[in-house]
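The values are calculated or read from the model by the stated rules, or taken from the named source; none is laboratory data. It should be emphasised that the depicted structure is a prediction, and the values quoted were computed from it without experimental measurement. Cβ coordinates were reconstructed from backbone atoms using ideal geometry, including for glycine residues, and neighbour counts include every protein chain displayed. Surface areas here come from the heavy atoms of the whole protein model, side chains and all, with no ligands, DNA or RNA. Shrake-Rupley method; radii C 1.70, N 1.55, O 1.52, S 1.80 Å.
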Amino acid sequence: MIKRRSNWYIYVITFIVTGLLIAIVSTILLNSFYEAQRSGNTGNVSQQQGTLFVPDKSYNFTILLSLSKDIDTAPERFMTLTYRADKNTVVLMPYLANTEINGKTLKTIFSESGGAETAKQLSEISGITIDKYIAFTESTVTEFFNMVGNTTLTVPKQLKYENKKDNTVTLVEAGTRSFTGAQFYTYLMFPDYGSSDIQYSCKIAATSVSAFINQNFLRASEKTLKSYADFIIGFTDTNITEEDYNKKIAGIVYTLGEATSLADYYIPYGEKSGTNYIIAENSWTRAKEVAEAN
């Protein structure tokens, strides 16, 4: 009987070669897979980075706001509104109408030269860039406030004013309640708050407008903001244009979506000089620091 030779080594070699081929192919396939994953991830990151928007200081701006009874009457209330895009905040700074700048009051400058010149002179003395203004009247501010929404305010004490010229009495009851646009206007423009604090009207304006912004603007949509802008541009005395709005709206929408509390305020202080009010130099310095978020 003839013994057949064993070919075991052939099987071993075949097994080893097959194993190597499998390893090589697997390595190639895995490398391709991971490369595709890395490319995909990079593409997604780039795409996310392309859509991720965070506003910087280039979106900051300051607007001068004023309020008068009607378009033919000089404003009785002045305030700047500074949007700090890089801090997701808005800072309000109210000023008395008799605040003196270059020998004239804000009220006089506005009456003689208009809102743009008033903003310019206030900008020069404060060091804050203010090149836009919005001049509201009783009718436009009432309509605007009603458009945006009522605001809950707390009045610490009853306010009563008797106008002996026309025998009318204006009342603002104490307590916490929702204010309509007309009620808000009355509260802001109240002739006598019964306080010895010369800047009490500034405090009322700062706290009230801060509440109005915080209660009504957070999470506002771009469509809603556009309707507000259209009203301001179309129906108030302002030098803001649609182009100005388009340049800043992306930052504003981002801030309204991210902020939890939006508006704060700083009241520049000084002292009375005759019938005028003069802001202290160190208060102007502080106002600039606040506006620039320093």
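Search segment 115-127 for residues being open to solvent by less than 40 Å² (accessible area, probe 1.4 Å) and not in a loop (DSSP other than H, G, I, E, B), and hand back the single one that is nearest to Ile267 (Cα to Cα). Checked segment 115-127; the qualifying residue nearest to Ile267 (Cα to Cα) is Ser126.
Counting only residues that are farther than 16 Å from Pro94 by Cα and either of a type in the set (A, V, I, L, M, F, W, C) or at pLDDT below 95 (or both), segment 277-294 holds 3 of them. For Phe136, the conditions (1) over 23 Å from Ile71 (Cα atoms); (2) crowded, with 17+ Cβ neighbours inside 10 Å; (3) aromatic (Phe, Trp, Tyr) are fulfilled apart from (1). Just to be sure, is Lys165 open to solvent by 50 Å² or more (accessible area, probe 1.4 Å), among the basic types (Lys, Arg) and under 18 Å from Glu76 (Cβ atoms)? Against the criterion (open to solvent by 50 Å² or more (accessible area, probe 1.4 Å), among the basic types (Lys, Arg) and under 18 Å from Glu76 (Cβ atoms)), Lys165 qualifies. With respect to being in a helix (DSSP H, G or I), in contact with a Phe, Trp or Tyr (Cβ under 9 Å, 6 or more places away or on another chain), acidic (Asp, Glu) and open to solvent by 20 Å² or more (accessible area, probe 1.4 Å), Glu112 falls outside the description. Scanning segment 184-198 for residues that are over 24 Å from the mean Cα position of the chain (by Cα) and open to solvent by 20 Å² or more (accessible area, probe 1.4 Å) yields Thr186, Pro191, Asp192, Gly194, Ser195, Ser196, Asp197, Ile198. Inspect segment 65-85 for any residue being under 16 Å from Leu262 (Cα atoms) and surrounded by fewer than 19 Cβ atoms within 10 Å (Cβ to Cβ) and give the result as yes or no. No: segment 65-85 contains no residue that is under 16 Å from Leu262 (Cα atoms) and surrounded by fewer than 19 Cβ atoms within 10 Å (Cβ to Cβ). The number of residues in segment 140-159 being hydroxyl-bearing (Ser, Thr, Tyr), surrounded by fewer than 15 Cβ atoms within 10 Å (Cβ to Cβ) and either in contact (Cβ under 8 Å) with a residue 60 or more places away in the chain or in a loop (DSSP other than H, G, I, E, B) (or both) comes to 1. For Ala229, the criteria (1) out of contact with any Asp or Glu (no Cβ under 8 Å at 6 or more places or on another chain); (2) free of Cβ contacts under 8 Å to residues at least 24 places away in the same chain; (3) farther than 23 Å from Val155 by Cβ hold in every case but one, which is (1). A single member of Ile252, Ile204 is over 30 Å from Lys157 (Cα atoms) and of a type in the set (Val, Ile, Thr), and it is Ile252.
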